[in-house]
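For reference, the structure is listed below as structure tokens.
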Amino acid sequence: MKKLIAGNWKMNLGLDEARNLAGRISQGLNTRITENAELLLCPAFVHIPAVKELFSTIGGQDCAAGDNGAHTGDISARMLKDIGCSYVILGHSERRAGHHESPEDLEGKIQQALFRDLNVIYCVGENLGQRQNGKHEDIVSEQLSVLNKFSAQGLFLTIAYEPVWAIGSGESASPADIQAMHSHIREKLKESLEYGDQIRILYGGSVKPSNARDIFTLEDVNGALIGGASLKADDFLAIAEHSAA
Ligand code: PGA
């Protein structure tokens, strides 16, 4: 399975910086990365058109649960598709927490994204308390159950396992914990979705050049969703190089 290396730029960078970063990653892609990896950039909505001029595979960081209407400030899946996105990240823990996204909201967002032919990167992951109480697999199973309704569209889905406590903390989960959870996710996908064995499962949470190789050699890791390290062209490319090795 070709690995997907996705940069989640979150609410970072000015327009010039976004252009500069995209240009440097694009140059590196041509010279440093083999065909074994696919790279994706997910800039802030307003930077997408500028970044798209420099880099071909682009995603949004969210989309609305409706197709149009009186939703001030929201961006629809159709709008993302129109400006050249092929992916959208949905259910990131920062949105589940900061924007109170419910499973019903997420179901609507996934539905819209798939209807507009966007590939969905659906994020799951437990918080620290849930892990300490041994509830992490149950929490992730529950989050995954939102996908059951889309069982026939497995080929348009990617999962990102991101333990909340590892995001932006500098400390990724251990390789053993990552592999255990990814294998649990793989089993669940195979049980409930068509093509469940072909859905990519990305790891996210403090991925950096120094831990990327150990993470990418794990059997059920099919790529990474990268926040902080995706804002530095050299780090992002170095991570991608490890994935394609
Ligand atoms: P991080 O973020 O790489 O900065 O930990 C990952 C994410 O939130 O997707």
Which one of Gln179, Gln198 is surrounded by fewer than 18 Cβ atoms within 10 Å (Cβ to Cβ), closer than 22 Å to Gly7 by Cα and not aliphatic (A, V, I, L, M)? Gln198
Report whether or not Lys109 is away from the ligand (no atom under 16 Å from the Cβ) and under 30 Å from Met79 (Cα atoms). yes
Would you check if there is a residue in the stretch 141-151 being farther than 24 Å from Trp9 by Cα and crowded, with 21+ Cβ neighbours inside 10 Å? yes
Pick from the stretch 1-36, criterion out of contact with any Cys (no Cβ under 7 Å at 6 or more places or on another chain) and assigned to a strand (DSSP E or B), ranking: nearest to Ser230 (Cα to Cα): Ile5
Mind listing whichever residues of the stretch 109-135 are in contact with a His (Cβ under 9 Å, 6 or more places away or on another chain) and in a helix (DSSP H, G or I)? Gln130
Out of the residues in the stretch 159-171 meeting the condition of being surrounded by 24 or more Cβ atoms within 10 Å (Cβ to Cβ) and over 13 Å from Arg131 (Cα atoms), tell me which one is nearest to the ligand (Cβ to nearest atom). Ala160
Conditions (1) touching a residue at least 40 places away in the same chain (Cβ under 8 Å); (2) among the acidic types (Asp, Glu); (3) closer than 22 Å to Asn8 by Cβ: number failed by Asp214: (1)
Does Ile75 meet the test of being on the phi < 0 side of the Ramachandran plot, in a loop (DSSP other than H, G, I, E, B) and β-branched (Val, Ile, Thr)? yes
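Looking at this structure, is Arg24 over 19 Å from the mean Cα position of the chain (by Cα) and either modelled with pLDDT under 95 or surrounded by 13 or more Cβ atoms within 10 Å (Cβ to Cβ) (or both)? First the steps, then the outcome.
On the way: over 19 Å from the mean Cα position of the chain (by Cα): yes; either modelled with pLDDT under 95 or surrounded by 13 or more Cβ atoms within 10 Å (Cβ to Cβ) (or both): yes.
Considered against the rule, which asks whether it is over 19 Å from the mean Cα position of the chain (by Cα) and either modelled with pLDDT under 95 or surrounded by 13 or more Cβ atoms within 10 Å (Cβ to Cβ) (or both), Arg24 comes out as yes.
Looking at the stretch 15-37, is at least one residue within 16 Å of the ligand (Cβ to nearest atom) and either free of Cβ contacts under 8 Å to residues at least 12 places away in the same chain or closer than 23 Å to Lys232 by Cα (or both)?
Of all residues in the stretch 15-37, those within 16 Å of the ligand (Cβ to nearest atom) come to 21, 25.
Pick out the ones that are also either free of Cβ contacts under 8 Å to residues at least 12 places away in the same chain or closer than 23 Å to Lys232 by Cα (or both) and you get 21, 25.
The answer is yes, given that some residue of the stretch 15-37 is within 16 Å of the ligand (Cβ to nearest atom) and either free of Cβ contacts under 8 Å to residues at least 12 places away in the same chain or closer than 23 Å to Lys232 by Cα (or both).
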So which of Ile178, Ile139, Ile185 ends up being within 15 Å of the ligand (Cβ to nearest atom) and either farther than 28 Å from Phe115 by Cβ or touching a helix residue (DSSP H, G or I) at 6+ places or on another chain (Cβ under 9 Å) (or both)? Ile178
Looking only at the stretch 86-108, decide whether some residue is of a type in the set (A, V, I, L, M), within 15 Å of the chain's Cα centre (by Cα) and part of a helix (DSSP H, G or I). yes
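The values are calculated or read from the model by the stated rules, or taken from the named source; none is laboratory data. Keep in mind it's a predicted model, so treat the numbers as computed, not measured. Note: ideal-geometry Cβ built from the backbone for every residue, glycine included; neighbour counts use all protein chains shown.
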